[in-house]
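Asker: One structure, as structure tokens, below. Some questions next.
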Amino acid sequence: MINHQLALLKREIWEHRSIFVTPAAIASIVTLGVLAMLVFASGFAAELDAAIFGAQNLAGDPERKAALTAFFLGTSWVFIIALAILTVFYCLDSLYAERKDKSILFWRSLPVTDAETVVSKLITAIIVIPAATVIGIVATHLINLIIVSIWVWMKGGDGGMLIWGSVSLFDNWLAAFIVVIAIGIWMSPFIGWFLLVSAYTKRSPLLMAFMPLILIGLLEGIILRTHVFAENVLGRGDGIPLFHTGNIEQFFEDEQWRLADNATSLLVHLDVVQFLTSPATWAGILVCGLLSTGAIYVRRFRDES
């Protein structure tokens, strides 16, 4: 079974090149943005000299670390947005496309069960795509740190001290890995739902996936005058119990982690134990399992038309 899963995961990567193309594209855009920023900043020679040599002579390590952490947060946030969009389209296309192009007939001729196929797509959405995102984040950080340090050296500053001497690579990368994987687990009920829709619908998987969710929320608000569904289902992303701040958006706001001396350590803001022991986390995993089981059942008995 392990060999089957490895082969199926390779199939997903081969068939869905966007898994790696998307992070690479985001990395290229971010790098071009940094280059454009440096070119623009070069036009302010006096202010630039004051900033570089002021940071070199007056600013302490915490201030330089805070500035670099802000850069890491900004670039990582872009990748997480792209991760969410990529995951949605991958899940909705994964089981729908094989019926649309009739390739499901070929895969059914192989000694691979429907359960193994759906599980491989679930693993791809929750683990492989986030892992590719983390690789993109790490590569972007390294490339841009090299570019900025070279630029600082060209301006007469000490790039070794200002950049590499103050950056916390392990802290930032481990925090990015934890956040991205945790988001995949936390949002797994939606992944299971998208897989179920992809296995069942004959057309317009994007519409069929989101229309019921929106209609249920609207009907509840109109008929019952409540917003329980919208708050607990559509608003699930805001309630991830991974951050001490309690809100994923606040994690990316520089003001809230500048307040304490050790706040520039991103790991300080993460509470993995709280996330793993939260009933909502395990409830989401259970719902994902049920919906994925439904996708397996539908794929098994759904015709290929």
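The values are calculated or read from the model by the stated rules, or taken from the named source; none is laboratory data. Source: prediction; values computed, not measured. Reconstructed Cβ throughout: ideal geometry from the backbone, glycine too, with neighbour counts over all protein chains shown.
Asker: Could you list all residues from the range 78-108 that are over 17 Å from Leu195 (Cα atoms) and in contact (Cβ under 8 Å) with a residue 40 or more places away in the chain?
Answerer: Matches in the range 78-108: Val78, Phe79, Ile80, Ala82, Lys102, Leu105.
Asker: Moving to a separate point now. Ala139: surrounded by fewer than 17 Cβ atoms within 10 Å (Cβ to Cβ), touching a residue at least 12 places away in the same chain (Cβ under 8 Å) and in a helix (DSSP H, G or I), yes or no?
Answerer: Details: surrounded by fewer than 17 Cβ atoms within 10 Å (Cβ to Cβ): yes; touching a residue at least 12 places away in the same chain (Cβ under 8 Å): yes; in a helix (DSSP H, G or I): yes.
Answer is yes for this residue.
Asker: Also, quick follow-up: Run Glu220 past the list (1) assigned to a helix (DSSP H, G or I); (2) in contact (Cβ under 8 Å) with a residue 40 or more places away in the chain and report the number of the one that doesn't hold.
Answerer: It is condition (2) that Glu220 fails.
Asker: Criterion first (part of a helix (DSSP H, G or I) and modelled with pLDDT of 85 or more) does Leu267 satisfy it? So that I can check it myself, show each step before the final result.
Answerer: Working: part of a helix (DSSP H, G or I): yes; modelled with pLDDT of 85 or more: no.
It is false that Leu267 is part of a helix (DSSP H, G or I) and modelled with pLDDT of 85 or more.
Asker: Okay, next question. Kindly indicate whether any position in the range 96-115 is surrounded by 12 or more Cβ atoms within 10 Å (Cβ to Cβ), at pLDDT 85 or above and within 14 Å of Thr133 (Cα to Cα).
Answerer: No, the range 96-115 contains no residue that is surrounded by 12 or more Cβ atoms within 10 Å (Cβ to Cβ), at pLDDT 85 or above and within 14 Å of Thr133 (Cα to Cα).
Asker: Moving to a separate point now. Considering only residues that are in contact with a Lys or Arg (Cβ under 9 Å, 6 or more places away or on another chain) and surrounded by fewer than 17 Cβ atoms within 10 Å (Cβ to Cβ), look in the range 142-170 and name the one that is modelled with the highest pLDDT. Spell out the reasoning first.
Answerer: Step one: of the range 142-170, the residues in contact with a Lys or Arg (Cβ under 9 Å, 6 or more places away or on another chain) are 161-163, 165-168.
Right, trim to surrounded by fewer than 17 Cβ atoms within 10 Å (Cβ to Cβ) and you get 161, 165.
Values: Met161: 63, Gly165: 66.
Step by step, filter the range 142-170, then rank; the result is Gly165.
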